[in-house]
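**Student:** Pasting a structure below so you can have a look.
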Amino acid sequence: MAHVQPVNILLVDDRSENLVALASILENPEHNLVTAHSGTEALKCLLKQDFAVILMDVQMPGLDGFETAEMIRGRERSQSTPIIFLTALDHHDGGMFRGYSVGAVDFLFKPLIPEVLRSKVAVFVELFKKSEEIQQQAAVLEERVHERTAALTMANTALVAEIRERQRAEQKVRFLAEATTILTETLDYEHTLDNLTRLAVPYIADLCSVYISGPDGIPCQLAVHHPDPAKVEQAREIDRLYPASLEMPDGPTRAIMTGMPALIPEMTEEALVGITRNAEHLTALRSLGFTSLMIVPLCTRVQAIGVLVCASIESGRRYAPTDLEFAQELASRAALAVDNALLYREAQRALEIRDDFLSVAAHELKTPIAAIVGHVQLLQRWSAREGTLTERHQRALRTINDQAARLTRLIHAVLDISRLQVGQLSIERMPLDLNSLARRVVDETAQTLERHTIVLPELSSPLMVEGDELRLEQVLQNLLQNAVKYSPAGGTIHVDMSEDGDTVSISVSDQGIGIPAAALDRLYTRFYRADNVDGTHIGGMGVGLYVVKEIVSLHGGAIEVQSTEGQGSTFTVRLPRDLPAVEAETTYNGGTSHGGCVD
Ligand code: ADP
């Protein structure tokens with residue numbers, strides 16, 4: 001930067017004519033010449049301003065040049081101001097040494113040679129200008145450094161704030177993701193509510209409770225959490241003493257009714273009064289020591305089903321609108337989970353009602369069917385004795401009998417399913433000969449067949465197992481009836497039995513329609529029927545194999561199938577000789593409804 005100000009030069013001499021002479025030599029617009037007639041005057045000038053150079057007469061009355069120079073050097077501000085002594089002394093005078101010792105940078109001898117004086121002064125003026133320039137540049141630089149540092153500090157503070165904000169946001173997202181996982185991991189209603197309060201503490205609350213709206217619209221406190229069980233009990237007690245009511249809606253009730261959240265950043269006395277309904281309620285709630293409160297409705301798409309209450313106590317935290325926003329996000333996820341759990345609970349109840357109905361209806365149906373069968377048999381016996389019924393009427397009676405038997409089997413299947421649903425299907429333990437059981441079932445089935453033949457190889461010895469004879473008979477009947485049913489064109493059905501160590505096997509093979517490969521894994525699922533029976537007019541409900549598999553499992557055995565679509569199927573049941581202890585312990589508690597098979 002160019003130096004525009006004139007440079008100060010101090011001329012010190014006790015004689016005015018000398019000062020005038022000096023001034024005339026050094027006169028220049030770039031110079032600001034300041035004159036002093038004595039050492040003392042010179043010192044005063046130095047108090048006021050800085051000089052690029054001092055031209056000092058050595059011999060002056062009072063303070064001489066050297067003494068003045070000594071004092072100039074003694075002051076910090078002027079200690080490096082160059083001093084040129086003007087003297088009439090000889091070069092070899094010892095005074096020169098003294099001059100240098102007190103800080104002279106040069107000596108000029110009188111009479112002065114103007115060019116020498118000007119050039120010497122010019123050097124110091126230039127030096128002064130340069131150092132001034134450097135100082136100015138340094139100041140500018142320093143200012144820039146300051147500015148930059150300030151800008152960097154600001155940027156840094158903003159960055160730290162942003163990072164914190166991001167971390168907080170990430171933490172919130174992580175929390176909400178985890179919360180969603182935890183909330184959806186169970187469909188158990190109470191468990192879901194409990195999870196919700198545990199999630200909130202201590203992340204957004206010191207004490208958290210959930211109210212769910214009852215059928216009358218009144219919210220009921222169903223879950224509370226605080227690390228101190230005594231505090232939980234205290235909160236429950238307050239709720240017991242001052243339950244929500246529609247007539248006097250306070251915090252939770254109001255939130256459910258309006259669907260609007262409430263934020264109380266500072267729990268002042270006035271705020272407490274606003275959520276309590278009388279002096280006792282106020283005292284009780286005050287004793288919990290809330291410092292801040294959020295009441296957030298749990299809203300499904302249709303309505304508010306409850307509220308989430310987050311209270312700050314020990315942490316002294318004051319909730320802000322951002323906390324309310326976050327609590328609302330948690331509440332919306334929780335509402336979904338709670339709604340799912342509620343729906344699941346309702347569905348479970350509906351299933352229970354359905355199963356109860358099925359069970360009752362099946363039992364009720366058995367009586368009239370037993371009466372129909374009994375009277376048909378009576379008629380048949382009467383007709384055989386009297387010979388009065390025509391062949392056509394006898395056929396009609398047989399059809400009634402067959403259909404009643406079919407209805408009975410269907411009722412048994414329905415009963416079995418409802419028993420399986422409630423875990424009441426069990427078996428009785430007894431030793432039995434599977435060989436003779438199979439033979440009896442095959443004989444009975446064979447009598448009803450016209451287009452099918454059943455082949456059962458003779459076994460020389462009994463095939464003893466421990467199990468429930470009536471239930472195993474049901475298994476065999478079911479497999480044989482399926483073999484017949486799914487071979488509509490007729491054919492041979494093979495029943496084979498074998499033993500291998502502690503396991504006995506019985507298999508039923510047919511040459512019927514077979515089973516598509518994709519259906520093989522699903523045959524034992526309730527109400528499942530393979531695609532290839534569609535459009536065949538082969539009736540069925542898809543429950544026989546489901547019950548068969550359960551019975552075989554209760555015996556500790558397994559069932560498997562091999563089949564090729566269009567060629568036939570083989571079902572094989574493997575049973576352990578001895579019934580495993582656990583299965584044997586349970587006794588069948590379903591009365592006499594054994595032997596049910598489904599057509
Ligand atoms: P339902 O026969 O009343 O439909 P099941 O539980 O006994 O019910 O059988 C389930 C399904 O398995 C049947 O619908 C049928 O698709 C298939 N299935 C069972 N046994 C056979 C078989 N022997 N041949 C071909 N398909 C069979």
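Just so it is clear, none of the values below were taken in a lab; they were calculated from the coordinates. Everything numeric here is computed off the predicted structure, so don't read it as measured data. Using ideal geometry, Cβ is built from the backbone for each residue, glycine included, and neighbour counts are taken over all protein chains shown.
**Student:** Once the range 12-54 is represented by equal point scatterers at the alpha-carbon sites, with solvent omitted, what log10 I(q)/I(0) does the Debye formula produce at q = 0.16, 0.17 Å⁻¹?
**Tutor:** -0.41, -0.46
**Student:** According to the Kirkwood expression over distinct Cα-Cα pairs, how big is the hydrodynamic radius of the range 418-524, in Å?
**Tutor:** Computed over the range 418-524, the radius equals 15.3 Å.
**Student:** Of Leu407, Ile305, Gly103, whose Cα points farthest to the positive end of the dipole of the chain (charges on the beta-carbon: +1 Lys, Arg; -1 Asp, Glu; origin at the Cα centre)?
**Tutor:** Leu407
**Student:** On a 0 to 90° scale, report how tilted helix 229-241 is relative to the longest principal axis of the chain, with both axes built from alpha carbons and the result rounded to the nearest 10.
**Tutor:** So the helix axis and the longest Cα principal axis differ by about 70 degrees.
**Student:** If you line up the long axis of helix 189-203 against the longest principal axis of the chain, both from Cα atoms, how many degrees apart are they, to the nearest 10?
**Tutor:** Result, in degrees: 10.
**Student:** Exposed loop sites here are trypsin sites (Lys or Arg not before Pro) in DSSP loop states with at most 10 other C-beta atoms within 10 Å. What is the longest stretch of the chain lacking them?
**Tutor:** On the way: sites that count: Arg301, Arg451.
Between the exposed loop sites, the longest stretch runs 1-300.
**Student:** Please report Ser38, Ser213, Ser553 as a ranked list, fewest other C-beta atoms within 10 angstrom at the top and most at the bottom.
**Tutor:** Ser553, Ser38, Ser213
**Student:** Given bins 10 angstrom wide, list per bin the percent of all Cα-Cα distances in the range 242-303, short to long.
**Tutor:** With a bin width of 10 Å, the distribution comes to 21, 52, 23, 4.
**Student:** List the lysines whose Cα sits under 20 Å from the Cα of Lys485, skipping any in the same chain fewer than 8 residues away.
**Tutor:** Filter leaves Lys549.
**Student:** Follow-up question, since we're still on this one. Just to be sure I understand: if I project the alpha-carbon convex hull of the chain onto a plane and average over all orientations, what area do I get in nm²?
**Tutor:** On the way: hull surface 246.5 nm².
Mean orientational projected area (the chain, Cα hull): 61.6 nm².
**Student:** What ranking of Leu449, Leu117 emerges when the number of other C-beta atoms within 10 Å of each C-beta is taken as an exposure proxy, fewest first?
**Tutor:** The most exposed by this proxy come first: Leu449, Leu117.
**Student:** Something else: State to the nearest 20 debye the size of the charge dipole of the range 446-535 about its Cα centre, where the only charges are +1 on K and R beta carbons and -1 on D and E beta carbons. The partial results should precede the final answer.
**Tutor:** On the way: 6 positive and 14 negative charges, 110 e Å.
Here the range 446-535 has a charge dipole of around 520 debye.
**Student:** Another question, then. Over all directions, average the projected area of the Cα convex hull of the range 105-210 and note it in nm².
**Tutor:** Quarter of the Cα hull surface area: 12.2 nm².
**Student:** Using the charge dipole of the chain (Lys, Arg: +1 at Cβ; Asp, Glu: -1 at Cβ; taken about the Cα centre), state which of Ala23, Cys208, Ala169 has its Cα farthest towards the positive end.
**Tutor:** Comparing the listed Cα positions along the dipole, Cys208 ranks first.
**Student:** On to the next question. Given charges of +1 on the Cβ of Lys and Arg and -1 on the Cβ of Asp and Glu, with all other atoms neutral, how large is the dipole of the range 240-338 about its Cα centre, in debye to the nearest 20?
**Tutor:** 280 debye
**Student:** Tell me, what does the Kirkwood hydrodynamic radius of the range 120-174 come to in angstroms if you use every pair of distinct C-alpha atoms?
**Tutor:** 14.8 Å
**Student:** What value does the range 175-317 have for Rg/Rh, both radii from Cα atoms and Rh as Kirkwood defines it?
**Tutor:** Radius of gyration over Kirkwood radius for the range 175-317 works out to 0.94.
**Student:** Then there's this: In degrees between 0 and 90, to the nearest 10, how far off the longest principal axis of the chain does helix 114-184 point, with axes built from Cα atoms?
**Tutor:** The answer is roughly 10 degrees.
**Student:** With no solvent and one equal point scatterer placed on each C-alpha of the range 339-422, evaluate the Debye formula and give log10 I(q)/I(0) for q = 0.25 Å⁻¹, two decimals.
**Tutor:** One equal scatterer on each Cα of the range 339-422 leads to -1.09.
**Student:** Still on this structure: How many Å³ per residue does the convex hull of the Cα positions in the range 269-416 occupy?
**Tutor:** That works out to 204 Å³ per residue.
**Student:** Right, another one. List Glu314, Glu237 from most exposed to least, where exposure is judged by having the fewest other Cβ atoms within 10 Å.
**Tutor:** Glu237, Glu314
**Student:** Mind checking the log10 I(q)/I(0) for the range 17-160 at q = 0.11, 0.12, 0.14, 0.21 Å⁻¹? Debye, one equal scatterer per Cα, no solvent, two decimals.
**Tutor:** Each listed q corresponds, in turn, to -0.50, -0.56, -0.70, -1.38.
**Student:** What number in nm² do you get for the range 527-575 if you take the convex hull of its Cα atoms and divide its surface by four? Write out the running numbers ahead of the final one.
**Tutor:** Working: hull surface 15.0 nm².
Seen from a random direction, the Cα hull of the range 527-575 projects 3.7 nm² on average.
**Student:** Using a simple charge model, +1 on the beta-carbon of Lys and Arg, -1 on the beta-carbon of Asp and Glu, nothing else, what dipole does the chain show about its Cα centre, in debye to the nearest 20?
**Tutor:** 1460 debye
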